[in-house]
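*Asks:* Please read through the structure below; I'll follow up with questions.
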Amino acid sequence: MRLVRTGAFLRAARYARLTPSYTTSSYLVSTTRCNQLSNRCASTSTITYPDQSVPLSDEVDPRKTEDATDKDGATEGFADFLKSQPSGTIIRNADHAQSGANISGKSHIFDSTTNVTDSILKLVGRQLYHNPDHPIAITRSLIEQTFASPRFTHHYASNPVVSTRDNFDVLGFPEDHPGRSRTDTYYVNSKNVLRTHSSAHQHKAFQTLGKRLAKILERDPNKPGGGGFTICADVFRRDSIDRTHFPVFHQMEGAYVWSAGPQREHAIEKSMKYLPKDLDMEVLDEGGPMNQETNPLQYGHSELEATHVVNHLKRSLEGLVSRIFEASQDDNKDVAKQPIKVRWVEAYFPFTSPSFELEVFWQGEWLELLGCGVVKQSILDNAGLEQSIAWAWGIGLERLAMLLFRIPDIRLLWSEDERFLSQFKAGRFNHFVPFSKYPPCHKDISFWVQASPATASPVAAEGSAGVAAAAGGDATKASPADTQPAAFHENDIMEIVRDVAGTLVEDVKLVDEFVHPTSGKKSLCYRINYRSNERTLTNEEVNGLHEQVIMQMKDLPIEIR
Ligand code: PHE
């Protein structure tokens, strides 16, 4: 027998893996009521990986980026040990003084801000957008074909850990923006989050693009250049559980920059010529390119130039929507053709002005598809693109894919069941054929909470999509300033259910709510609907899961009835 023990072996004995149940209850802290936004979204023909798939590397940012390894304060050897562990498993050191995880090959030490759980970290790295026959990848590919190389460089951001600086600060999010709340965002630690939107990579992508455009301009100073990028990323938001929400979804970011040069205005106007014309769709646009009161032109932009940029942005996106819906209708000829109708509405994002959302009229209702706008000049200036002007958009792929492929439940997109996966082929938008519907089994849980502003009715929040669409969080709800550390927040139940039962839960809904007339306490009753997309769940299994949920809920600031 060999008696040589490697350092790794010895360290392994000192660090134990955490069980999911341990991590959930200890990391959750309730703050304020800010619900999240519905996923945004987007998808045609042949799938080819773009020629210029460039990873977003740190090298484009000369400052030290915090999104790499955080070893700060790690006890000796712990950070290195984490790196040797499988990605996505939470590890605690021997005296339980520290915990952390390897996420996408990098060590992260947790602190009191951490609220990521095992179940969330397990979803990191699936990269559905790189499986060419998956609806998410088919949708992604069509968008890339529309915003095609070589004008556009296509980036994939595989590591979801980004600094709070890149996710919020650089983009101008105010300190009290609801998107920053721990109830809405997964914090790896106080400095890093699981990105809540693909815009977290804008800054680096603009820097890289800036260098490319500078070279073009160097070669020919009289010819103002232009160029753009797309970024595809999985994004994470703590959210409700239902058929259209999953804590991880996919976004694509797109931007186009006209670089500095004496004839920039002329160049923008000229680019309009390359956009698709006479689209077969109805477009409603009452707001126009800007509104000085509600959707202003930026200081330093001429009205004419900004109008050209907005028009170019809007026509480009209308072209995308038309192409996507045409492709879907061509691949489902048995379904009666619907005329495509879209409308532009004013929006607000901290990093664009003027800003817009594009909605599509689909099966009797208006659905928000994407957010976009003229990029704030400060963001371009910070990325070395002074004197340039740009537009940007962000699309959620799930909403679009679910609509195009008629996928009724977002969990299916994460399914590894061949009956789901074998239905799709690169470049095709055929409708999903449901293979079966297994029986649901619901269980209720009732409890008392202290009635307070921070426990604003979750019912009122349902389906809401307030102005602060960007990066999650809903500005129509209480802001983090109203936060009471020990207050109950609906997302905490969602997180417990998710961690215990994962994709075995179809939805969690508030079904009853009343305030006790004398004690003033509020009673809430939530219904957890257990149903698998892949098999029939046994009673025993559901009872076991529900008991675990109740056990973990005892750690919340509530009183179970
Ligand atoms: N990041 C925004 C969101 O998640 C979308 C967006 C991207 C808006 C780029 C404007 C420009 O909602």
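The values are calculated or read from the model by the stated rules, or taken from the named source; none is laboratory data. Since the structure is predicted, the reported quantities are computational estimates derived from the model, not experimental observations. Note that we place each Cβ from the backbone using ideal geometry, even for glycine, and neighbour counts take in every protein chain shown. Ligands, DNA and RNA are stripped out before the accessible areas are found, and what is left, the full protein with its side chains, is counted by its heavy atoms. Shrake-Rupley method; radii C 1.70, N 1.55, O 1.52, S 1.80 Å.
*Asks:* Taking a ≥ b ≥ c as the square roots of the Cα gyration tensor eigenvalues, with a/c under 1.5 meaning rounded and otherwise prolate when a/b beats b/c, else oblate, which class fits the range 282-396? Let's see the in-between values first.
*Replies:* Values: a/c = 2.68, a/b = 2.09, b/c = 1.28.
Since a/c reaches 1.5 and a/b is larger than b/c, the shape of the range 282-396 is classed as prolate.
*Asks:* List the trypsin sites (Lys or Arg not before Pro) in the range 220-286 that DSSP assigns to loop (not H, G, I, E or B) and whose Cβ has at most 12 other Cβ atoms within 10 Å. Which are they?
*Replies:* Details: sites: Arg237, Arg238, Arg243, Arg264, Lys270, Lys273, Lys277; in loops: Arg237, Arg238, Arg243, Lys277.
Filter output for the range 220-286: Lys277.
*Asks:* Using 0.36 nm per residue, how much length does the chain from Lys443 to Asn430 gain when fully extended, once their Cα-Cα distance is taken away?
*Replies:* Numbers: separation 13, 0.36 × 13 = 4.68 nm, distance 3.57 nm.
Length gained, Lys443 through Asn430: 1.1 nm.
*Asks:* Hey, can you find the accessible area per residue of the range 339-415 for me, probe 1.4 Å, expressed in square angstrom? Please list the in-between numbers first.
*Replies:* On the way: 2120 Å² over 77 residues.
Result: 27 Å² of accessible area for each residue.
*Asks:* Give me D for the range 487-561 in µm² s⁻¹, whole number, from Stokes-Einstein with Rh from the Kirkwood sum over alpha-carbon pairs, 37 °C and 0.692 mPa s. Intermediate values should be presented prior to the final figure.
*Replies:* Working: Rh = 13.5 Å.
Taking Rh from Cα pairs, D becomes 243 µm²/s.
*Asks:* By how many nm would the segment from Glu418 to Arg527 grow when fully extended, if each residue of separation counts as 0.36 nm and the alpha-carbon distance is taken off? Present the calculation step by step, with values, prior to reporting the outcome.
*Replies:* Values: separation 109, 0.36 × 109 = 39.24 nm, distance 3.04 nm.
Going from the current span to full extension adds 36.2 nm.
*Asks:* With a 1.4 Å probe and all protein chains left in place, how much of the accessible area of the range 188-285 comes from carbon and sulfur atoms, in whole percent?
*Replies:* Values: 1950 of 3800 Å².
Its accessible area is 51 percent carbon and sulfur atoms.
*Asks:* For labels at Leu304 and Ser158 in the simple 7 Å Cα→Cβ model, what's the distance in nm?
*Replies:* With each label point 7 Å from Cα toward Cβ, the separation is 4.8 nm.
*Asks:* Something else about it: Just for the Cα atoms in the range 79-189, what are the lengths along the principal axes, largest first, rounded to whole Å?
*Replies:* On the principal axes, the range 79-189 reaches 54, 36, 22 Å in Cα extent.
*Asks:* Just to confirm the filter: which trypsin sites (Lys or Arg not before Pro) across the range 292-349 are DSSP coil and have at most 13 other Cβ within 10 angstrom of their Cβ?
*Replies:* Details: sites: Lys314, Arg315, Arg323, Lys333, Lys337, Lys341, Arg343; in loops: Lys333, Lys337.
The qualifying sites are Lys333, Lys337.
*Asks:* Among the aspartates and glutamates, which fall within straight-line cross-link reach of Lys83, defined as a Cα-Cα distance under 13 Å, with same-chain neighbours fewer than 8 residues apart omitted?
*Replies:* Candidates past the 8-residue exclusion: Asp70.
*Asks:* Let me ask you something else. Straight distance only, please: which lysines reach the Cα of Lys521 with their own Cα at less than 22 Å, same-chain residues fewer than 8 apart left out?
*Replies:* Lys477, Lys509, Lys554
*Asks:* FRET efficiency for Asp176 and Thr294, Cβ-Cβ distance as r, R0 = 22 Å, nearest 0.05?
*Replies:* 0.55
*Asks:* Which entries in the list Lys270/Lys376; Lys191/Lys376; Lys211/Lys277; Lys277/Lys376 go over 30 Å, if you measure between the two C-alpha atoms of each? Write down the numbers at each step before the final one.
*Replies:* Details: Lys270/Lys376 23 Å; Lys191/Lys376 24 Å; Lys211/Lys277 32 Å; Lys277/Lys376 28 Å.
The pairs that break the limit, which is 30 Å between Cα atoms, are Lys211/Lys277.
*Asks:* Would you mind checking the radius of gyration and Dmax of the range 521-561 based on alpha-carbon positions, in Å?
*Replies:* Just the Cα atoms of the range 521-561 yield Rg and Dmax of 12.8, 40 Å.
*Asks:* Please compute the Cα-Cα pair-distance distribution of the range 192-293 with 10 Å bins starting at 0, giving whole percents from short to long.
*Replies:* With 10 Å bins starting at 0, P(r) equals 12, 26, 30, 25, 7, 1.
*Asks:* Reachable aspartates and glutamates from Lys425, Cα under 12 Å, same-chain residues fewer than 8 places away excluded?
*Replies:* Straight-distance partners of Lys425: Asp133, Asp331.
*Asks:* GluC sites (Glu not before Pro), restricted to the range 248-278: which are DSSP loop and have at most 13 other Cβ atoms within 10 Å? Each step should come with its number before you reach the end.
*Replies:* Values: sites: Glu253, Glu265, Glu269; in loops: none.
Counting only loop positions with at most 13 other Cβ atoms within 10 Å, none of the GluC sites (Glu not before Pro) in the range 248-278 qualifies.
*Asks:* Share of antiparallel DSSP beta bridges in the range 265-403, in percent to the nearest 5?
*Replies:* Values: 22 of 26 bridges.
Looking only at bridges with both residues in the range 265-403, the antiparallel portion is about 85 percent.
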